Amino acid sequence: MKRYSALSLLRNALDYNRKWPTAWRSPEPKKSYEAIIVGGGGHGLATAYYLARDHGFKNVAVLEKNWIGGGNTGRNTSIVRSNYLWTEASLLYEKSLRLWEGLSRDLNYNVMFSQRGVYNLGHSLQDMRDIERRVNANRLNGIDAEVIGPAEVKKAIPCINTSPSARYPILGASLQRRGGVARHDAVAWGFARAADALGVDIIEQCEVTGIDVRAGRALGVATTRGPIAADRIGVVVAGNAGVLAKMAGLRLPIESHPLQAFVSEPIRPVLDTVVMSGAVHGYISQSDKGELVVGAGIDAYNGYGQRGSFPVIEHAMQAIIELFPAFSRVRMLRLWGGIVDICPDACPILSKTPVEGLYFNCGWGTGGFKATPGSGWAFAHTLAHDRPHELNAPFSLDRFASGALIDEHGAAAVAH
Ligand code: FAD
Ligand code: PYC
C-alpha cells in the first residue's frame, strides 16, 4: 500500500488534487457497443458492472447526460433496508441487502455501509397491526425483523419523545437491525471505477436525445455526441423514464414527482440509528459528519424541476420536531430535491419492452437507493439473457396488463 507523508498530503492539498490519478477513464464514444446503458446513476453503473463481471460483456457503454451520480443517486438520504411486505419485493430487496453486505470488498471501494438499524414507528393501533403483519411476513421470508415497544424505542433512542400525550404518541416500532445507511456518492464512484476496470466506457456529458427503432427493434441511440449503435439498450434514468420511453414510442405507467431532503448544521453524535415515521411524514438519521439528515414525503404534483415546495418542507420539519423536540434548536443548512419515478403499486419495473433489444429499469420511486446493487445485478441478467431473472420476473411490464400488481405503498414508508 502506498504511504503518504505529512508533506505529501500538504502538497496534494495545495495542488488541488491535480496530480491524483483519475478513477475511471473518460473515453470518446465508439460507433457501436454490445450494450448501452442510458443513465449513469447507481443502478445504471451497477448494471454495466455486473454485465461485464458476470456475463462476459466486453463492449459496454454507460451514457450519462450530466455527471455520474448527479441524479437521485447523489440526492437521496441513503437508507438501506429490505423489510417490504410482499414476498416478491422482499426477495429482491433482500438480494440487494446481501450484496450491500459484501459490496465494499467486491468493489474494493469503501461504500461506508453502516448497519446501524432502521426503526419504522407506529403511532396508532392500525400502524401497530400493519407493523406486526409486515414483521411476520419478513420473518417468513428469512428477513430479520422485530416488533418493539415504546420503552425499547426510548432506550435505544434517548432523545426521542415517547410521551403518551404527544399528538402522535409512539406505540412501538418495527426494527430491522441489518438495515442502515451507506455513502451514496461512494456507491456511484465504486461501481464506476470497478466497471471501468472491466473495460466499460463511462461517457459523461452525453445526453440521449432519441432511440432509433426500426421494424420493432432498437438499433441505437441519438446523443448530443452523435449516433451510437447497440445490440441492446438498457434505460435506467429514474425520474426521466417517461421521457425516454416516449422516444421509443412507449408509454409507461409512471408519474414523476419531486422528493425533498434537508441537512442541518453538524452537531455532536446524538442519533446512531435511522428513524422513519410514515404517519407523520418524516424520517431522520445523522451523517458521519454530524449533520441531521431529514427527509419528507413527495410533493403531490408532477414535475421535472429537481426542487420542491415550501409546505412540504414545513410539514416534514414539524414532524421531526414533534418526535425530537430538542432538534428545534438546530439550524438547517441546505435542502434539495430529486425527481422520483412512481408506479401505481410503488414497485419498480425491470423489464423487456415491446421493442426488441430495449429494456427499462425504473419505477423505484422514493426507495431505489437500497436496491442499487440488486437492481443492477438482476437487470444485467435480463439484458444478457433477454429474459428476466426469477427475482425480477414479477416486476415486468406485463403486470400492468395482467393485474398482478404488488402493492408496497405501506413499506415504501414515509414517502408516498
Ligand atoms: P439516478 O441516480 O437518478 O440516475 C439516472 C441518471 O440518468 C441521472 O444521472 C440522469 O442524469 C441520467 N439521465 C436522465 N436522462 C438522461 C438522458 N436523456 N441521457 C443520458 N442520461 C440521462 N431510496 C432509498 O432506498 N433510500 C433512501 O433513503 C432514499 N431517499 C431519497 C431521498 C430523496 C430526496 C430522493 C430524491 C430519492 C430518495 N431515494 C431513496 C430514491 C433513490 O434515490 C432512487 O430510487 C435511486 O437513487 C435511483 O437510482 P438510479 O440510478 O435509477 O437513478
Ligand atoms: O425507502 O427507505 C426508504 C426511504 C427513506 C427515505 C426515502 N426512501
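The values are calculated or read from the model by the stated rules, or taken from the named source; none is laboratory data. These numbers come from a predicted model, not from an experiment. All Cβ positions, glycine included, derive from the backbone under ideal geometry; neighbour counts span all protein chains shown. With ligands, DNA and RNA removed, areas are computed over all heavy atoms of the protein, side chains included. Shrake-Rupley method; radii C 1.70, N 1.55, O 1.52, S 1.80 Å.
Tabulated results
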quantity	calculated
When residues of segment 352-403 are limited to those that are away from ligand 1 (no atom under 14 Å from the Cβ), among the polar types (S, T, N, Q) and not in a loop (DSSP other than H, G, I, E, B), the one nearest to ALA182 (Cα to Cα)	THR382
Meets criteria (more than 16 Å from GLU28 (Cα to Cα) and more than 10 Å from ligand 1 (Cβ to nearest atom)) for ARG225	no
Scope segment 287-296; condition open to solvent by 10 Å² or more (accessible area, probe 1.4 Å) and either more than 10 Å from ligand 1 (Cβ to nearest atom) or not β-branched (Val, Ile, Thr) (or both); matching residues	SER287, ASP288, LYS289, GLU291
Elements of type strands (runs of 3 or more DSSP E) contained in segment 153-240, each with 3 or more residues being closer than 24 Å to ASP130 by Cβ	172-176
Positions within segment 370-407 being within 13 Å of ligand 2 (Cβ to nearest atom) and either without any contact (Cβ under 8 Å) to a residue 40 or more places away in the chain or farther than 13 Å from LEU350 by Cβ (or both), in sequence order	LYS370
Given (1) under 22 Å from the mean Cα position of the chain (by Cα); (2) among the aliphatic types (A, V, I, L, M); (3) within 30 Å of ASP386 (Cβ to Cβ), index of the condition LEU250 fails	(1)
Residues of segment 204-218 classified as within 21 Å of the chain's Cα centre (by Cα) and buried (at least 19 other Cβ atoms within 10 Å of the Cβ), total	0
Residue that is farthest from ligand 2 (Cβ to nearest atom) [pool: residues in segment 352-369 that are among the small types (Gly, Ala, Ser) and crowded, with 23+ Cβ neighbours inside 10 Å]	GLY363
Among the candidates ILE298, ILE254, ILE267, residue that is aliphatic (A, V, I, L, M) and in contact with an Asp or Glu (Cβ under 6 Å, 6 or more places away or on another chain)	ILE254
Close pairs from segment 314-330: first without any contact (Cβ under 8 Å) to a residue 40 or more places away in the chain, partner loosely packed, with under 14 Cβ neighbours inside 10 Å, Cβ under 7 Å, at least 6 apart	ILE321/SER328
Tally, over segment 257-277, of residues that are surrounded by 22 or more Cβ atoms within 10 Å (Cβ to Cβ) and near ligand 2 (Cβ under 10 Å from one of its atoms)	3
Top-ranked residue in segment 328-351 [being open to solvent by 20 Å² or more (accessible area, probe 1.4 Å) and not aliphatic (A, V, I, L, M); ranked as farthest from ligand 1 (Cβ to nearest atom)]	ARG329
Odd one out for GLY410 among (1) in a loop (DSSP other than H, G, I, E, B); (2) free of Cβ contacts under 8 Å to residues at least 40 places away in the same chain; (3) of a type outside the set (D, E, K, R)	(2)
Segment 64-80: number of residues that are more than 6 Å from ligand 1 (Cβ to nearest atom) and among the small types (Gly, Ala, Ser)	2
Any hit, segment 303-313, residues being under 29 Å from ALA35 (Cβ atoms) and touching a helix residue (DSSP H, G or I) at 6+ places or on another chain (Cβ under 9 Å)	yes
Pairs with Cβ under 7 Å, 6+ apart, first in segment 234-245 and on the phi > 0 side of the Ramachandran plot and within 16 Å of ligand 2 (Cβ to nearest atom), second of a type outside the set (Asp, Glu) and assigned to a helix (DSSP H, G or I)	ALA238/ASN72
Residue selected from segment 299-320 under the condition of a type in the set (Ser, Thr, Tyr) and within 13 Å of GLY337 (Cα to Cα), by the criterion surrounded by the most Cβ atoms within 10 Å (Cβ to Cβ)	SER309
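The rows are residues; the columns are (1) under 15 Å from PHE369 (Cβ atoms); (2) out of contact with any Cys (no Cβ under 9 Å at 6 or more places or on another chain).
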| position | (1), (2) |
| --- | --- |
| ASN17 | no, yes |
| GLY42 | yes, yes |
| ALA46 | yes, yes |
| TYR49 | no, yes |
| LYS65 | no, no |
| TRP86 | no, no |
